[in-house]
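*Asks:* Quick one: the structure is below, and I'll ask about it shortly.
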Amino acid sequence: MKRPHSDTLLYLNGVSVSFDGFKALNSLSLIVEKGEMRAVIGPNGAGKTTMMDVITGKTRPDQGDVVFGTDTDLTKLDEPAIAALGIGRKFQKPTVFEPHSVWDNLLLALAGDRRPRFTLWARETSEEQDKIEEILTTIRLKDLRQHRAGDLSHGQKQWLEIGMLLAQEPLLLLVDEPVAGMTDAETAQTADLLREINRTKSVVVVEHDMDFVRALGVKVTVLHEGSVLSEGSIDHVSADPKVVEVYLGR
Amino acid sequence: MSRLSLSLSLLVILGGAALLAVLNLAAPPSSAFHVSTYVVSLAGKYLCFAILALALDLVWGFAGILSLGHAAFFALGGYAMGMYLMRQIGTRGVYGNAVLPDFMVFLNWQELPWYWMGFDNPGFAILMALAVPGVLALVFGWLAFRSRVSGVYLSIITQALTYALLLAFFRNDMGFGGNNGLTDFKDIVGLDLHLDSTRSGLLLLTAAVLALQLMVARFLVTSRFGKVLIAVRDTESRTRFLGYRPERYKLFVFVLSAVMCGIGGALYVPQIGIINPSEFSPANSIEAVIWVAVGGRGTLIGAILGAILVNFGKTIFTGILPELWLFALGALFILVTLLLPNGVLGLFARRKPEKSQ
Amino acid sequence: MNFLRTCLVLILLTAPAMAQSEDAFTGLGSNDFDAIGAAITALALSGDKQASPTIHAIHDETLYAAPDGSLLIKADAGYVDARTGAPVADVVEDDLIAVRVNNKVRRAVDAALGSLDLFAATPDIRRKAAAAVFLSRDPAILPALAKAIAGETNDSVRVVIRQAQAASQLANPDATEAEQLAAVAIIRAKGGLEAQSLLGSLRDQTPAVANAAGEALTALARLQQLWSLVQSVIYGLSLGSVLLLAAAGLAITFGVMGVINMAHGEMVMIGAYTTFVVQEVIRARAPWLFEASLFIAVPLAFLVSGGIGIVIERGLIRFLYGRPLETLLATWGLSLVLQQAVRSLFGANNRDVGTPKWMSGATEWGGVTVTYNRLTIVVFAVLVLAALLAVLRYTALGLRMRAVTQNRRMAAAMGIRTPWIDALTFGLGSGIAGMAGVALSQIDNVSPNLGQGYIIDSFMVVVFGGVGNLWGTVVSALTLGIVNKFLEPIAGAVLGKILVLVLLILFIQRKPRGMFPLKGRAVEQ
């Protein structure tokens, strides 16, 4: 495995995590370049969510390096510190602040000072309002700005969460199953949305839906039993007999 | 909570207290409008409990911290005030010792312990009534929130905290009067505690403090800080991935809440005339939780309303059918959690459309 | 009656003839305390049948000297001749002089009594006598001791007599240094507080003996420390088993099901009251059953508390699954209702629950004392735990319980009626709490507040051990019990408990999931 160079954004090398003897990640290695969009697929229990947990600081790896940019060791940092570095995460189950309005959800996600002493006295600035308006347009929720987030449909919540990710202004977005439970139309719109986001940011998408991955048209990494089974274009991995055996064949 | 309901609440709290005070002092005892000093003290007690409930609602309703030890902060504030009132007795005690409180003379202590120094000064005592609960909450909260102890685990260790304090304050050699606590107070800042005017004054002061705390609490929960806090309450991990540090938010509100309780306790003791270790008993803290639940969690005004309603009920019940009070209280716990998850205020709120603004 | 009267007359006729001769009894009538003491010692060694009652009489101050030189023992019915044991009629009480006693004489009496009993027929009396001699340490008895050792047939009694001999030897001014050193060795081997106080009194002896005694003393003190350590551990295990009993049910309802049952303590309390009721019924109807009352109470308490547990689960808790804080509040309210209900039924005062004879008393192992009721509770805790583990592991119910807690939806899909399993699991946990109540009724006050005293401790035990881990609960209960008992002598009982609570609070903050946490993704939910 080559060391991270100036174009590398995320670098995982030999990462292992085990829970009570069960190896969730087994010497996983992965490189994401700046500006890249990567799709990660794999059967249940392949370690996709654990990989996200390791990158975002939720789970500490037993072994291995997790490096962001050229020299930031993510294994030493906790979730808020990693978020502050510019790594945003969307959960598998859409997780928004249900009692708050769509507007407030985005307001809380906007990049800025996160300390209590700031938020206590903070007033909405016109800059912030412009930003939120812009994101509302991107995620197609302009008309629902004052709706309670808990009242949104499933797909709208997914978009709101992606919007919150954008508001964070991250360098890297980790998106866990963004189209689970979406209609076909919503799925297509989400693919557009992600491609749009990818113009300025790096994205890692974990997904089950093969049509969606194909629609994204990006490099695919196949995980199996906690390590990389195959990597390449969607056509390349679809043809890989190992992949066919453990995943696609079933 | 709208601006209107806030103004209305402040008006009711302050106006109600003022009305009681006026009817107590100005109306002659023979008049039909006369309010007895007993009622004035009772109202003062309810408002002190309302302060405790408000503080508890702030942590439970808005930060999701179900503290089962909040009465401990209240009691600590009460002890700080009690120590001041003890020192004020001076030579009027049974033993006539100018420096040592009666119980110390009784225990054959020769001099005042160091931690009683300075409590002859009311300013210092009030500072301690804020600082001691605040520092305890700071240390406890820092340890707990940093290591992400939450939910029922947190509830159980807050209960253990107040239980440990209960045991500690029962000990005679702690120097806080042991089982009997501190009592037989004579006067406060030179005013005789048994005078009607002092009682009414304390009631007005309590109402003013409660009103001020309500305004502070409302400012807090409607600020961006409050929005983060609610986000932390419902989806703590999400706020972390957004770059917030939930432990700092929780710690801030926990300490603030403890300080609010301390003030409540300091106002409670001169009006009740005694502070003893039973104030630390875990049952007291849990009872405070039910006040909040009855009124409506996360509404601030509901907490105040709940504290007054439940304690009014308690006064009535224990007067008429004392043995039924625990049945009633127990039933209240069960019925409110099962049937009224949003409390009394929730009954009214449900008719409005569910919108945040 | 006639026969007896004839005997009496015969004895009366022969008595005066024997009274006047010079014998071991004569000195007892002396005015000189030394002479009396010597006479007592001589009498004790004489082997005379009447020696024992006579010396006992001196001890009880009922021995009188008559002007004719005869000695009379005042008995309930009249006077008895000390030399013969025959009753004496026509005693002129005014002529009698009580045999004089001072402290020196009393010592001689004690020693003599000891040496007399050394030859008693019952081994237990001989053992007691030797122990008495050990304490009195009269060199005058040495010959008697030697005789007793030679004649002793019981090995364990002989050891005790040897120890008595060694103790007396150390008080013997005529003993050689070698003899005394050997004696010190025997005393050292005996050990115990008595040996320590004896060894401590030997500073004035020859340097060699004093030295040996000093060494022996340090060795014994060290041994003593060791024993007190063992005693602390045993007290700790006893407290730990109480905690374990109180927490075992909670380990099921809270640990396995995740239900915060604040009324758990009341399930314990109800178990204790069941014991009370069982005993009341037995006292009224079948007093001969009393010794077995606890055996009847245990299954009944299980059924009563378990039944109430099932009702609580069906009537309240099932509406609150997934809302732990609400469950906490509702069950707290329930605990208030249950307490008040028991208070209304049985009164607010402590009720008296009796202890069967087989649980009273204590036994000594080496240097430690263990009371039978504590011992029974330790055994009971082990049995309850074993039964619980067996139910979980080997029964169909246990299998279903584990299935439901591990994957509720899958279990439901397999046809398990999960609501019933929930109710039965909760009933099991509550029933165990009820059985704990039977045990606690033996060591704690049975009052409506009984349960409140255990609820915080029980939660601490379960959380400390790691929620969902039964073995963790066991280790945690025993650890907390022992730590508590070790802190007690240092800090006092209350401060010790406070310290344990504070340490626990700090520990939970370091390791929020307890000593033996469950790991993996399942925990996160």
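*Asks:* Would you mind checking the tilt of helix C:155-170 against the longest principal axis of the Cα atoms of chain C, expressed as 0 to 90 degrees and rounded to 10?
*Replies:* It is inclined by approximately 60 degrees.
*Asks:* Further question: What FRET efficiency comes out for the pair B:Leu112/B:Leu143, r = Cβ-Cβ distance, R0 = 41 Å, nearest 0.05?
*Replies:* Working from the Cβ atoms, E equals 0.80.
*Asks:* Let me ask something else. Of C:Gly255, C:Leu237, C:Ala301, which is farthest towards the positive pole of chain C's charge dipole, taken about the Cα centre with +1 and -1 on the beta-carbons of Lys, Arg and Asp, Glu respectively?
*Replies:* Towards the positive end, the residue furthest out is C:Gly255.
*Asks:* Find the percent of Cα-Cα distances in the protein assembly as shown that exceed 49 Å, and round it to a whole number. Walk me through the numbers on the way to the answer.
*Replies:* On the way: 312250 of 640146 pairs.
Everything past 49 Å amounts to 49 percent.
*Asks:* Apply 1/(1 + (r/R0)^6) to the Cβ-Cβ distance of A:Asp78 and B:Leu4, taking R0 = 41 Å, and write down the FRET efficiency to the nearest 0.05.
*Replies:* Numbers: r = 42 Å, r/R0 = 1.04.
After rounding, the FRET efficiency stands at 0.45.
*Asks:* Determine the dipole magnitude for chain A: charges of +1 sit on the beta-carbon of Lys and Arg, -1 on that of Asp and Glu, nothing else is charged, the reference point is the Cα centre, and the result goes in debye to the nearest 20. Please list the in-between numbers first.
*Replies:* Values: 29 positive and 38 negative charges, 70 e Å.
Charge dipole of chain A: 340 debye, to the nearest 20.
*Asks:* Here's a follow-up. Could you run the numbers on buried accessible area between C and B, total for both chains, 1.4 angstrom probe, in Å² to the nearest 100?
*Replies:* For C against B, buried area totals roughly 3500 Å².
*Asks:* In addition: Please check which bits of the range B:205-236 a label hung off B:Val189 would reach, taking the label as a point 7 Å along Cα-to-C-beta and the cut-off as backbone N under 12 Å.
*Replies:* What the label zone holds, given the 12 Å backbone N cut-off, is B:205-206.
*Asks:* Let me ask you something else. Other chains near B:331-339: what is the mean number of their Cβ atoms within 10 Å of each residue's Cβ? The partial results should precede the final answer.
*Replies:* Details: counts 4, 3, 12, 11, 2, 4, 13, 7, 1.
Counting Cβ atoms of other protein chains within 10 Å of each residue's Cβ and averaging gives 6.
*Asks:* If you don't mind, another one. What nm value, rounded to one decimal, do you get for the distance between C:Arg393 and B:Val135 when each label is placed 7 Å out toward the C-beta?
*Replies:* My value for the distance between the label points is 5.2 nm.
*Asks:* Apply 1/(1 + (r/R0)^6) to the Cβ-Cβ distance of B:Ser31 and B:Leu338, taking R0 = 56 Å, and write down the FRET efficiency to the nearest 0.05. Intermediate results must be reported in sequence, preceding the final value.
*Replies:* Numbers: r = 46 Å, r/R0 = 0.81.
Once rounded, the FRET efficiency stands at 0.75.
*Asks:* Across peptide B:220-227, what mean number of C-beta atoms from other chains lies inside 10 Å of a residue's C-beta? Don't skip to the answer; put the middle values down first.
*Replies:* Working: counts 1, 0, 0, 6, 12, 8, 2, 10.
Across the residues of B:220-227, the mean count of other-chain Cβ atoms within 10 Å is 5.
*Asks:* Indicate the helices, whole DSSP H runs only, in chain B that combine a mean Kyte-Doolittle hydropathy of 1.0 or more with a Cα extent along their long axis of 30 angstrom or more. Please report the intermediate quantities before stating the final value.
*Replies:* Working: long enough: B:3-25 (33 Å, 1.96); B:37-63 (38 Å, 1.62); B:122-146 (35 Å, 1.82); B:196-222 (39 Å, 1.29); B:246-272 (38 Å, 1.02).
Correct list, ordered by number: B:3-25, B:37-63, B:122-146, B:196-222, B:246-272.
*Asks:* Work out the charge dipole of chain B with +1 on the Cβ of Lys and Arg and -1 on the Cβ of Asp and Glu about the Cα centre, then indicate which of B:Gln110, B:Thr37, B:Gly201 is farthest towards its positive end.
*Replies:* Comparing the listed Cα positions along the dipole, B:Gly201 ranks first.
*Asks:* Hey, another quick one. By how many degrees, 0 to 90 and rounded to 10, does the Cα axis of helix C:293-315 deviate from the longest principal axis of chain C?
*Replies:* The angle comes out near 20 degrees.
*Asks:* Still on this structure, please answer the following. Given the -39500 (n - 2.57) contribution per DSSP H run of 4+ residues, what per-residue ellipticity at 222 nm results for chain C, rounded to the nearest 500 deg cm²/dmol? Provide the component values of the computation, followed by the final result.
*Replies:* Numbers: 21 runs with 353 residues, N = 525.
After summing the helix terms and dividing by residue count, I get -22500 deg cm²/dmol.
*Asks:* Can you tell me the dipole magnitude for chain B around its Cα centre, using point charges on the Cβ only (Lys, Arg +1; Asp, Glu -1), in Debye to the nearest 20? Please list the in-between numbers first.
*Replies:* Values: 24 positive and 16 negative charges, 339 e Å.
With Lys and Arg at +1 and Asp and Glu at -1, about 1640 debye.
*Asks:* So in the protein assembly as shown, what percent of DSSP beta bridges are antiparallel if you round to the nearest 5? Intermediate values should be presented prior to the final figure.
*Replies:* Values: 40 of 57 bridges.
Antiparallel: roughly 70 percent of the beta bridges in the protein assembly as shown.
*Asks:* Further question on the same structure: Among B:301-311, C:430-440, how do they line up from the highest to the lowest mean number of other beta-carbon atoms within 10 Å? Mind showing how you got there, number by number?
*Replies:* Values: B:301-311: 25.2, C:430-440: 31.2.
Most protected by this proxy first, the peptides run C:430-440, B:301-311.
*Asks:* Quantify how strongly other chains surround peptide C:450-460 by giving the mean number of their Cβ atoms within 10 Å of each of its Cβ atoms.
*Replies:* On the way: counts 0, 0, 3, 0, 0, 4, 9, 2, 0, 7, 5.
Partner Cβ neighbours, averaged per residue: 3.
*Asks:* Please sort C:275-283, B:119-127 by packing, taking for each peptide the average over its residues of neighbouring beta carbons within 10 angstrom, highest first.
*Replies:* On the way: C:275-283: 18.8, B:119-127: 16.0.
The densest-packed peptide leads the list: C:275-283, B:119-127.
*Asks:* Say the dipole of the range C:227-524 comes from +1 at the beta carbon of Lys and Arg and -1 at that of Asp and Glu; which of C:Leu503, C:Phe426, C:Tyr273 then lies farthest toward its positive end?
*Replies:* Value computed over the given set: C:Phe426.
*Asks:* I've got another one for you. What Kirkwood hydrodynamic radius do you get for the range C:76-224 when you take the inverse of the mean 1/r over all pairs of distinct Cα atoms, in Å?
*Replies:* Radius from the Kirkwood sum: 17.1 Å.
*Asks:* For the A and B pair, go ahead and give the buried accessible area with a 1.4 Å probe, both sides summed, in Å² to 100.
*Replies:* On the way: alone 12290 and 17530 Å², together 26700 Å².
So the total buried area for this chain pair works out to about 3100 Å².
*Asks:* Just to confirm the filter: which trypsin sites (Lys or Arg not before Pro) across the range A:121-170 are DSSP coil and have at most 11 other Cβ within 10 angstrom of their Cβ?
*Replies:* Details: sites: A:Arg123, A:Lys131, A:Arg140, A:Lys142, A:Arg145, A:Arg148, A:Lys157; in loops: A:Arg123, A:Arg140, A:Arg145.
Within the range A:121-170, the qualifying trypsin sites (Lys or Arg not before Pro) (loop, at most 11 other Cβ atoms within 10 Å) are A:Arg123.
*Asks:* Now, a different point. Among bridges DSSP assigns within chain A, what percent are antiparallel (round to 5)? Display every interim value, and only then the final one.
*Replies:* On the way: 21 of 38 bridges.
Of the beta bridges lying entirely in chain A, close to 55 percent run antiparallel.
*Asks:* Here is a further query. Under 29 Å between C-alpha atoms is the cut-off here; go through the range B:3-349 and count lysine pairs that meet it, provided they're at least eight residues apart or on different chains. The partial results should precede the final answer.
*Replies:* Working: B:Lys45/B:Lys186; B:Lys45/B:Lys250; B:Lys45/B:Lys314; B:Lys186/B:Lys314; B:Lys227/B:Lys250.
Count of close lysine pairs: 5.
*Asks:* Still on this model: Ranked highest first by average number of other Cβ atoms within 10 Å, how do B:158-169, C:150-161 line up? Show your work: numbers first, answer last.
*Replies:* Numbers: B:158-169: 22.9, C:150-161: 14.8.
The most tightly packed comes first, giving B:158-169, C:150-161.
*Asks:* Straight-line reach from A:Lys131: which lysines have a Cα under 16 Å away, not including same-chain ones fewer than 8 places off?
*Replies:* The reachable lysines, counting only those whose Cα sits under 16 Å from A:Lys131, are A:Lys142.
*Asks:* Relative to the first principal axis of the alpha-carbon coordinates of chain C, what is the inclination of helix C:372-394, with its axis defined by its Cα atoms, in degrees from 0 to 90 and to the nearest 10?
*Replies:* Approximately 30 degrees, to the nearest ten.
*Asks:* Here's something else I'd like to know. Between B:Gly226, B:Gly265, B:Gly96, where does the largest GNM mean-square fluctuation fall for chain B, given springs only between Cα atoms within less than 10 Å?
*Replies:* Taking springs between Cα atoms under 10 Å, the residue moving most is B:Gly96.
*Asks:* Further question: Students often forget the sequence filter, so: which lysines lie under 17 Å Cα-Cα from A:Lys76 once same-chain residues fewer than 8 apart are removed?
*Replies:* Output for A:Lys76: A:Lys58.
*Asks:* How much area per residue is accessible in the range B:3-349 when the probe is 1.4 Å and only protein heavy atoms are counted (Å²)? Before the final figure, lay out each step's value.
*Replies:* On the way: 13010 Å² over 347 residues.
Value for the range B:3-349: 37 Å² per residue.
The values are calculated or read from the model by the stated rules, or taken from the named source; none is laboratory data. Quick caveat: nothing in here was measured; it's all calculated off a predicted structure. All Cβ positions, even for glycine, are placed from backbone atoms using ideal geometry, and neighbour counts span all protein chains on display. To get the accessible areas, we keep the full protein, side chains included, count just its heavy atoms, and leave off ligands, DNA and RNA. Shrake-Rupley method; radii C 1.70, N 1.55, O 1.52, S 1.80 Å.
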